[in-house]
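Worksheet: the structure to be examined is printed underneath.
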Amino acid sequence: MRQQNCQHSTWPDFYIHERLLPQLDIAKQKNQLQPVDFQQFEQLFKLLPELCPSEPPALIHGDLWSGDFLCDTKGNPVVFDPAVSYAHREMDLAMSRLFGGFERPFYRSYEEAWPLAPGLEQRLPVYQLYYLLVHVNLFGGGYVGSVRSILKKLI
């Protein structure tokens, strides 16, 4: 699925205009969501600046989950199938945890190398909304319940 990566002055603007709105447009065309869902996203957009810590954009993998990771014949880690962009680095952590995640040492090492702002657990669902919307649009309505559940918690 194509994604645009136009530069924006803030993370919330990038996330809204380059990630969420394009997926919401597709979901609308496919009749995957109800009007109340779109209204809740509008409410969420207003909350994003206070929900997500401000930090410089990082080059992220963009689709980091265990299916896009393996070790080569020498035991070196290899990641593939990227959807790269300069975005909030917590996006990769959110995607990595959406479908099971990696083993604890992965997250511990990440935290040691580049500490995260407090409250990551509360922010992960914010970032997971994008990936769930992609799944709604690729695989159908089975993921709509997860989108609604997150919106209900955040709004």
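The values are calculated or read from the model by the stated rules, or taken from the named source; none is laboratory data. Given the structure is predicted, the values throughout are model-derived calculations rather than measurements. Here Cβ is always computed from backbone atoms with ideal geometry, including for glycine, and neighbour counts include all displayed protein chains.
Only one of ASP25, ASP37, ASP92, ASP13 is in a helix (DSSP H, G or I), over 26 Å from GLY140 (Cα atoms) and at pLDDT 95 or above; which?
On the way: ASP25 fails: over 26 Å from GLY140 (Cα atoms); ASP37 fails: over 26 Å from GLY140 (Cα atoms); ASP92 fails: over 26 Å from GLY140 (Cα atoms).
Just a single option satisfies the conditions, and that option is ASP13.
Working carefully through the options LEU64, LEU21, LEU47, LEU33, find the one that is aliphatic (A, V, I, L, M), more than 18 Å from ASP92 (Cβ to Cβ) and buried (at least 19 other Cβ atoms within 10 Å of the Cβ). Quick ask: steps written out before the conclusion?
Values: LEU64 fails: more than 18 Å from ASP92 (Cβ to Cβ); LEU21 fails: buried (at least 19 other Cβ atoms within 10 Å of the Cβ); LEU47 fails: buried (at least 19 other Cβ atoms within 10 Å of the Cβ).
Within the list LEU64, LEU21, LEU47, LEU33, the selection yields LEU33.
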Expected output for region 1-30 (first residue closer than 10 Å to LEU133 by Cβ, partner aliphatic (A, V, I, L, M) and in a loop (DSSP other than H, G, I, E, B), Cβ below 7 Å, 6+ apart or cross-chain) is ALA27/LEU33
Hey, could you check region 50-79 for residues that are acidic (Asp, Glu) and touching a strand residue (DSSP E or B) at 6+ places or on another chain (Cβ under 7 Å) and say which is farthest from PHE106 (Cα to Cα)? ASP72
Residues of region 60-75 satisfying the condition of being at pLDDT 95 or above, within 20 Å of ARG97 (Cα to Cα) and out of contact with any helix residue (DSSP H, G or I) (no Cβ under 9 Å at 6 or more places or on another chain): none
If you go through region 67-89, how many residues are exposed (fewer than 11 other Cβ atoms within 10 Å of the Cβ) and assigned to a loop (DSSP other than H, G, I, E, B)? 6
Looking at (1) touching a residue at least 24 places away in the same chain (Cβ under 8 Å); (2) over 21 Å from ILE26 (Cα atoms); (3) part of a helix (DSSP H, G or I); (4) in contact with a Ser or Thr (Cβ under 9 Å, 6 or more places away or on another chain), which one does ARG123 not meet, given that it meets all the others? (4)
